[in-house]
Amino acid sequence: MTDDAKRFLPVSGFTMPRFAGIATFMRLPHLALDAADDVEIGLIGVPWDGGTTNRAGARHGPRQLRDLSTMMRNVHPVTHLNPYRAANCADLGDVGVNPIDLQEAMAAIEAFFAAVQARGILPLAAGGDHLMTLPILRGIARHRPVGMVHFDAHADTNDRYFGEHRYTHGTPFRRAIEEGLLDPRRTVQIGIRGSLYTAHDMDWGDAQGIRVIGIDEFNEMGVPAAIAEARRVVGDGPTYVSFDVDSLDPVYAPGTGTPEIGGLTTAEALRLLRGLRGLDLVGGDVVEVAPPFDPSGNTALVGATMMWEILCLLAEQVGTRRAGGRNP
């Protein structure tokens, strides 16, 4: 798409101060999904934390992420990519979720993202707790399993909580593998750490073939080797990126439901995301920003910045495909 008349460009900070105007993701136009005919990347809020088992509050994440995303400008500082020139991007609003009915909420999320995919739009979601990734994958990976690069303090492959409860923010990727949505042998988890419920918590994922790069291994191998390993695991197939802000040390992101000390730095996270350029990405999300636990807004700024990095990855891919070229 080269016609600027059809482009959806952010509001300029030179014409409207960044603290003014109606907050949207990256200051992009807000469009209803049924009016998104020219959109190539859709930024979507999922204001829901129905899977939370400890500190709730991520339902408020999308609103604050929109506010802090006004700090993002137009051009990537390293690649010099302008994602809004490479792809048509828009804020597609929030999924209308039921905050008191878990199954109804998941059905709404699945239906919304299935409709996004049907329009050929790459989704970038803002949460919300991590259970939301399961219905997103149901919406976009129904026809074939995808690989995943997963940044987190927790593997989220537990089976059940409180007896027979199979759907929590600690179980989405076990369910996704069981449902054939996620290919475990093309899944890599980076930053895993913290105490466990039992000595066998990680056994199921190991048996499925998930590649876990725990924080101690990451610290020993370093960022370049972790990037190389992630790229080896996911290969050339369709891949989803899921970024839980608790992958970061809580000194950088205290506003989250289940913080774990000893995590990634923001600088490491930026380098890791930038190392994913050229992968066959089918979407991504940033989850577990819980504003009630960080009144400063710094966690939301971190989350919005990670969204920006993923947006640039998606936009570069769209631009490359449209030009008929090869991925970098």
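Things to note:
- Given (1) farther than 25 Å from Glu110 by Cα; (2) without any contact (Cβ under 8 Å) to a residue 40 or more places away in the chain; (3) not in a loop (DSSP other than H, G, I, E, B), number of the condition Thr198 does not satisfy: (3)
- Flag set for Glu217, criterion: over 24 Å from Leu68 (Cα atoms) and either open to solvent by less than 30 Å² (accessible area, probe 1.4 Å) or of a type outside the set (Gly, Ala, Ser) (or both).
- Search result, residues across the range 228-257 that are over 17 Å from the mean Cα position of the chain (by Cα) and either surrounded by fewer than 18 Cβ atoms within 10 Å (Cβ to Cβ) or part of a loop (DSSP other than H, G, I, E, B) (or both): Ala228, Glu229, Arg232, Gly235, Asp236, Gly237, Asp249, Pro250, Val251, Tyr252, Pro254
- Close pairs from the range 57-75: first outside any helix (DSSP H, G or I), partner crowded, with 24+ Cβ neighbours inside 10 Å and at pLDDT 95 or above, Cβ under 6 Å, at least 6 apart: Gly57/Ala290; Met72/Met26
- Counting only residues that are buried (at least 18 other Cβ atoms within 10 Å of the Cβ) and either closer than 19 Å to Leu314 by Cα or of a type in the set (Phe, Trp, Tyr) (or both), the range 11-28 holds 5 of them.
- Of all the criteria given as (1) of a type outside the set (Phe, Trp, Tyr); (2) crowded, with 18+ Cβ neighbours inside 10 Å; (3) in contact with a Phe, Trp or Tyr (Cβ under 7 Å, 6 or more places away or on another chain), the one not satisfied by Gly50 is (3).
- Taking the criterion of being modelled with pLDDT of 95 or more and within 24 Å of Arg59 (Cβ to Cβ), the residues of the range 158-188 that qualify are Pro172, Phe173, Arg174, Arg175, Ala176, Leu181.
- Looking across the range 76-116, not a single residue is farther than 16 Å from Gly51 by Cβ, assigned to a loop (DSSP other than H, G, I, E, B) and among the charged types (D, E, K, R).
- For the range 117-140, a residue qualifies if it is open to solvent by 10 Å² or more (accessible area, probe 1.4 Å) and part of a loop (DSSP other than H, G, I, E, B), and the qualifying residues are Arg119, Gly120.
- Tally of residues being among the aliphatic types (A, V, I, L, M), farther than 17 Å from Thr52 by Cα, under 15 Å from the mean Cα position of the chain (by Cα) and not in a loop (DSSP other than H, G, I, E, B) across the range 261-295: 6
- One residue alone among Gly303, Gly262 is touching a residue at least 60 places away in the same chain (Cβ under 8 Å) and at positive phi, and that residue is Gly262.
The values are calculated or read from the model by the stated rules, or taken from the named source; none is laboratory data. Note that this is a predicted model, so its numbers are computed, not measured. Counting neighbours? That spans all protein chains shown, and the Cβs are built from the backbone with ideal geometry, glycine included. Remember, those area values only see protein heavy atoms, side chains included, never the ligands or the DNA or RNA. Shrake-Rupley method; radii C 1.70, N 1.55, O 1.52, S 1.80 Å.
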